[in-house]
Amino acid sequence: MTAPLRIAIAGLGTVGAGVIRLLEENGALVEARAGRSIVVSAVSARDRSRERGVDLSQITWCDDMAAMAARDDVDVVVELVGGSDGPALALARGALGAGKGLVTANKAMIAHHGQELAERAEESGAPLRFEAAVAGGIPVIQGLHGGASANQIERVYGILNGTSNYILTAMEATGADFGETLAEAQRLGFAEADPAFDIDGVDAAHKLAILAALSFGTRIDFGNVEVEGIRRVRAADIAQADALGFVVRLIGVADIEGEPQSPRLLQRVRPCLIAKTHPLASIDGPTNAVVAEGDFVGRLLFQGPGAGAGPTASAVVADLIGIARGDRSPAFALPAARLRTLDKADSGARTGRTYLRFTVADRPGVLAELTAAMRDADVSIESLIQQGEAEEGGAVLVSMVTHQGPVRCVREAIALLDGSPILADTPLVMPILGTS
């Protein structure tokens, strides 16, 4: 009989406990699909006395995570501690250095250190897997790594953060403003007490950097992801988008431009207007969805729960099953030495339609100054709408939709208005994605 795959789990929060529970309840199924059993040999966490709803009595407890990774009765370390550096990174380096496999749900660590960890894994012959780091229980990493591997991926994009998507779709459903909706999301457990990583787009940027590397055969380049979150989206923007036939979603987009001999990589996370006919427009609540466009397969849509104990534990165990079967393929589909380093593409050179919202003083001449700035920057205006009555302090909201044109021109128009006394707030700029 084949020996069991022996694992150690670092971090016993909801996901760590979920992994143990899944292996207990679906153990026979997992063994049948893996070709051998998967057993938990050791665990480590900060608080030994905490009740976690799983039986740990037959599992060795280790106060020292690093020592746990070096144990003779451990084949694979499951890292669920979190954080891009610190104990998680030390554990990952130690495990791979000792020839142990590493399975992690840590998107920040992979986004910042994925290249180094992939190189360490190949040097030691140990597998590195991170399905749970992107989009929770959705098998998008495996889909790109395996199922779509015969394709040249031309573009990857999607809704990569469940908290932001929950907030935007709740604003859409209730008409409430951002602050009120965020507070409700925190009360319901959809947002953290400190939601900055989610609502400022950092979490989505981590995931996008990983997806881009896997899709395009490039080194992870998190530092060049252009990031803007959803803090400044207002109920009025949601309503205006609806009137124009769009919804607002936080979207991460990555693609490659330029000639084959000098390609450049563009990675952006920002709130966008999406046509109601687009597949991503129907993604609501804390759901994630990823679209990959391949040259032969066409458009692939991966959709499902982006977080939570069950979906994330499912992704972790799926990685463990692959390792138990003997999968030792490179973490990013190509050997680490073959991953390309690409220059950053100039997003200002792209063309498209844009939604702009200005908070301006309610006085004569304001619209003339706005349109003059657009004219001087060579921006063609499709529609211009003043939204509602003046707010407290006398400011009004003016929204604008541009015709197709260079993004650089919109930026130039905003720069021309910088410091103008007519502006009561920084303009909100959201790209408009296509209809299909």
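The values are calculated or read from the model by the stated rules, or taken from the named source; none is laboratory data. None of these values were measured; they are calculated from a predicted model. Using ideal geometry, Cβ is built from the backbone for each residue, glycine included, and neighbour counts are taken over all protein chains shown.
Residues are listed down the side, and each one gets a yes or a no for (1) modelled with pLDDT under 95; (2) of a type in the set (Lys, Arg); (3) in the same structural domain as ARG357 (by TED's automatic domain parsing); (4) surrounded by fewer than 16 Cβ atoms within 10 Å (Cβ to Cβ):
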position: ALA372; (1), (2), (3), (4): no, no, yes, yes
position: ARG375; (1), (2), (3), (4): no, yes, yes, yes
position: ILE385; (1), (2), (3), (4): yes, no, yes, yes
position: GLU389; (1), (2), (3), (4): yes, no, yes, yes
position: GLY393; (1), (2), (3), (4): yes, no, yes, yes
position: VAL396; (1), (2), (3), (4): yes, no, yes, no
position: VAL401; (1), (2), (3), (4): no, no, yes, no
position: CYS409; (1), (2), (3), (4): no, no, yes, no
position: ALA415; (1), (2), (3), (4): no, no, yes, yes
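Take the stretch 42-91 and flag every residue that is under 30 Å from ALA205 (Cα atoms), surrounded by fewer than 16 Cβ atoms within 10 Å (Cβ to Cβ) and modelled with pLDDT of 90 or more. Working first, answer last.
Filtering the stretch 42-91 for residues under 30 Å from ALA205 (Cα atoms) gives 44-46, 65-66, 69, 76-91.
Restricting the remaining residues to those that are surrounded by fewer than 16 Cβ atoms within 10 Å (Cβ to Cβ) gives 46, 83, 85-86, 90.
Of everything in the stretch 42-91, those that are under 30 Å from ALA205 (Cα atoms), surrounded by fewer than 16 Cβ atoms within 10 Å (Cβ to Cβ) and modelled with pLDDT of 90 or more turn out to be GLY83, ASP85, GLY86, ALA90.
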Any residue in the stretch 235-243 that is surrounded by 21 or more Cβ atoms within 10 Å (Cβ to Cβ), outside any helix (DSSP H, G or I), outside the structural domain of GLN386 (by TED's automatic domain parsing) and in contact with a Phe, Trp or Tyr (Cβ under 9 Å, 6 or more places away or on another chain)?
no
Over the stretch 109-152, the set of residues among the acidic types (Asp, Glu) and over 20 Å from VAL19 (Cα atoms) is GLU116, GLU119, GLU122, GLU123
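Kindly establish whether VAL269 is under 30 Å from LEU397 (Cβ atoms), of a type in the set (A, V, I, L, M) and not assigned by TED's automatic domain parsing to the domain that holds ARG411. Please lay out each step first, then the result.
On the way: under 30 Å from LEU397 (Cβ atoms): yes; of a type in the set (A, V, I, L, M): yes; not assigned by TED's automatic domain parsing to the domain that holds ARG411: yes.
Judged against the criteria, VAL269 is a match.
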The lone condition VAL103 fails out of (1) surrounded by fewer than 24 Cβ atoms within 10 Å (Cβ to Cβ); (2) modelled with pLDDT of 95 or more is (1)
Being modelled with pLDDT under 95 and not acidic (Asp, Glu) narrows ALA213, ALA205, ALA191 down to just ALA191
Checked ALA324, ALA349 against criteria (small (Gly, Ala, Ser), under 23 Å from VAL429 (Cα atoms) and touching a residue at least 24 places away in the same chain (Cβ under 8 Å)); the one match is ALA349
- Query: Condition test on ALA183, is it among the hydrophobic types (A, V, I, L, M, F, W, C), part of a helix (DSSP H, G or I), modelled with pLDDT of 95 or more and surrounded by fewer than 21 Cβ atoms within 10 Å (Cβ to Cβ)?
  - Reply: yes
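Scan the stretch 359-381 for residues that are part of a loop (DSSP other than H, G, I, E, B) and either among the charged types (D, E, K, R) or under 25 Å from ARG219 (Cα atoms) (or both) and jot them down.
Narrowing the stretch 359-381 to residues part of a loop (DSSP other than H, G, I, E, B): 362-365, 377-380.
Scanning the stretch 359-381 gives ASP362, ARG363, ASP378.
Out of the stretch 115-135, which residues are hydrophobic (A, V, I, L, M, F, W, C) and either surrounded by fewer than 21 Cβ atoms within 10 Å (Cβ to Cβ) or part of a helix (DSSP H, G or I) (or both)? If you could, list the steps in order and put the result at the bottom.
Pass one, the stretch 115-135, residues hydrophobic (A, V, I, L, M, F, W, C): 117-118, 121, 126, 128, 130, 132-135.
Matches in the stretch 115-135: LEU117, ALA118, ALA121, ALA132, ALA133.
How many of the residues making up the stretch 97-114 are assigned to a helix (DSSP H, G or I) and more than 18 Å from the chain's Cα centre (by Cα)?
To start, the set of residues in the stretch 97-114 that are assigned to a helix (DSSP H, G or I) comprises 97, 107-114.
Filter once more, so that each one left must be more than 18 Å from the chain's Cα centre (by Cα): 97.
Summing the residues that are assigned to a helix (DSSP H, G or I) and more than 18 Å from the chain's Cα centre (by Cα) in the stretch 97-114 gives 1.
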The strands (runs of 3 or more DSSP E) lying wholly within the stretch 247-358 that contain at least 3 residues that are touching a helix residue (DSSP H, G or I) at 6+ places or on another chain (Cβ under 9 Å) and surrounded by fewer than 18 Cβ atoms within 10 Å (Cβ to Cβ) are 298-305
ILE138: passes all of (1) out of contact with any Asp or Glu (no Cβ under 8 Å at 6 or more places or on another chain); (2) surrounded by fewer than 17 Cβ atoms within 10 Å (Cβ to Cβ) but (2)
*Would the stretch 137-157 turn up any residue that is at positive phi and touching a strand residue (DSSP E or B) at 6+ places or on another chain (Cβ under 7 Å)?*
no
Apart from one, (1) in the same structural domain as ILE153 (by TED's automatic domain parsing); (2) in contact with an Asp or Glu (Cβ under 7 Å, 6 or more places away or on another chain) all hold for GLY298; the odd one out is (2)
ALA95 vs (1) touching a strand residue (DSSP E or B) at 6+ places or on another chain (Cβ under 9 Å); (2) in contact (Cβ under 8 Å) with a residue 40 or more places away in the chain: all pass except (2)
